[in-house]
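To start, the structure under review is shown below, and the notes come after it.
The values are calculated or read from the model by the stated rules, or taken from the named source; none is laboratory data. Note that the structure is a prediction, hence the values are computed from the model and not measured. So basically every Cβ, Gly included, is an ideal-geometry build from the backbone, and we count neighbours across all protein chains shown.
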Amino acid sequence: MLKGKTAVVTGGTRGIGFAVVKKYLENGANVVLTGSRQETVDKALEQLKEYKDRVMGICPDLASPTEIEAAFAKVTDAFGSLDILVNNAGISARESIYDYSPDDFTKILDLNLKSVFICSQAAAKIMKKQGGGVIINTSSMVSLYGQAAGCGYPATKFAVNGLTKSLARELGRDQIRVNAVAPGVTKTDMVAALPTEMVERISSTIPLGRVGEPDEIADAFLYLASDMASYVTGAILSVDGAAMT
Ligand code: NAD
């Protein structure tokens, strides 16, 4: 479904991002994954050896315009284009408002929101020249409902939805589609490490009766990146088993 396309997936070393990287590679794309440290990037690449001619790993500061422009120039040098950008890197928060330090609030804004703006801006410049492209942001089900602790996290995801819808409108004329996937609770390492009873308790509140698998979330990213979604832009696609926080 993505043969000949080149994708950048931020936060592609593990969890949802790694599942997207694999899905895109299985579907013929060239993929550049980013991580926060060279060590985790290398670990991810080690698991993708069978695709070694089509996959690269880098670890730029996602909120630095100069680092991102240089990184994306490397991508186009290596593969000839940048067709798909997945803004997926993110951290969560659980602090109460009473203990939440302004520095921690700024930190989550920088990664979950500012980096989405910086990477989208750099990619859009390349995609406009190419005649089009696709940007997909990782939102969350909390972007619809908020959550009862760690208010910085849903605040960034509400803002990601706003960026998604606004950039879809601004970039449509340049044939750049912009969408978001809003996953529910997903069985990444963090969820897999929770006690079984806790996962069962969470699952019992979800109409489909279970948490999502990273591969199921990655399918939504494949659809939105592919030509099957050629008339879809500005969408926030929930993939959450109809969960409500
Ligand atoms: P994860 O912790 O397994 O992976 C996070 C990725 O982000 C890693 O590749 C990591 O290297 C990268 N990253 C973290 N800090 C970084 C930094 N400072 N600079 C650059 N990269 C950094 O997380 P995940 O659960 O797979 O989450 C991925 C995305 O999905 C996030 O945007 C998250 O908000 C969203 N999400 C996750 C869930 C869930 O249940 N797991 C649900 C909804 C939304």
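Data for the structure
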item: Matching option when the condition is within 16 Å of the ligand (Cβ to nearest atom), farther than 23 Å from Lys43 by Cβ and at pLDDT 95 or above, among Ser64, Ser115, Ser96; result: Ser64
item: Residue list for the stretch 67-90, restricted to those being out of contact with any Ser or Thr (no Cβ under 9 Å at 6 or more places or on another chain) and either within 17 Å of Val142 (Cβ to Cβ) or away from the ligand (no atom under 16 Å from the Cβ) (or both); result: Glu69, Ala73, Lys74, Asp77
item: Long-range neighbours under 6 Å by Cβ, at least six apart or interchain, first residue within 13 Å of Ala225 (Cα to Cα) within the stretch 17-35, second within 13 Å of the ligand (Cβ to nearest atom) and part of a helix (DSSP H, G or I); result: Val20/Ala218; Val20/Phe221; Lys23/Ala218; Val31/Val21
item: Test result for Asp110, of a type in the set (D, E, K, R), part of a helix (DSSP H, G or I), surrounded by 13 or more Cβ atoms within 10 Å (Cβ to Cβ) and under 18 Å from the mean Cα position of the chain (by Cα); result: yes
item: Positions within the stretch 18-41 being within 12 Å of the ligand (Cβ to nearest atom), touching a strand residue (DSSP E or B) at 6+ places or on another chain (Cβ under 7 Å) and part of a helix (DSSP H, G or I), in sequence order; result: Val20, Val21, Val41
item: Test for Ser120: is it of a type in the set (S, T, N, Q), within 16 Å of the ligand (Cβ to nearest atom), touching a helix residue (DSSP H, G or I) at 6+ places or on another chain (Cβ under 9 Å) and in a loop (DSSP other than H, G, I, E, B); result: no
item: Exclusive hit being more than 21 Å from Phe18 (Cα to Cα) and either touching a Lys or Arg at 6+ places or on another chain (Cβ under 8 Å) or modelled with pLDDT of 95 or more (or both), set Gly152, Gly184, Gly146, Gly212; result: Gly152
item: Condition met for Val55 (β-branched (Val, Ile, Thr) and in contact with a Cys (Cβ under 6 Å, 6 or more places away or on another chain)); result: no
item: Qualifying residue in the stretch 47-58 (condition: of a type in the set (Gly, Ala, Ser) and modelled with pLDDT under 95); result: no
item: Meets criteria (farther than 17 Å from Gly90 by Cβ and within 14 Å of the ligand (Cβ to nearest atom)) for Leu48; result: yes
item: Cβ-Cβ under 8 Å pairs, at least 6 apart or on other chains, the stretch 84-98 side over 11 Å from Cys151 (Cα atoms), far side in a loop (DSSP other than H, G, I, E, B) and of a type in the set (Lys, Arg); result: Ile84/Lys5
item: Qualifying positions in the stretch 121-174 - polar (S, T, N, Q), over 19 Å from Glu69 (Cβ atoms) and under 16 Å from the mean Cα position of the chain (by Cα); result: Asn137, Thr138, Ser139, Ser140, Ser143, Thr156, Asn161, Thr164
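Residues checked against (1) within 14 Å of the ligand (Cβ to nearest atom); (2) in contact (Cβ under 8 Å) with a residue 24 or more places away in the chain; (3) surrounded by 16 or more Cβ atoms within 10 Å (Cβ to Cβ):
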{"site": "Ile136", "(1), (2), (3)": "yes, yes, yes"}
{"site": "Ala149", "(1), (2), (3)": "no, yes, no"}
{"site": "Val160", "(1), (2), (3)": "yes, yes, yes"}
{"site": "Gln175", "(1), (2), (3)": "no, yes, no"}
{"site": "Thr188", "(1), (2), (3)": "yes, yes, yes"}
{"site": "Val191", "(1), (2), (3)": "yes, no, yes"}
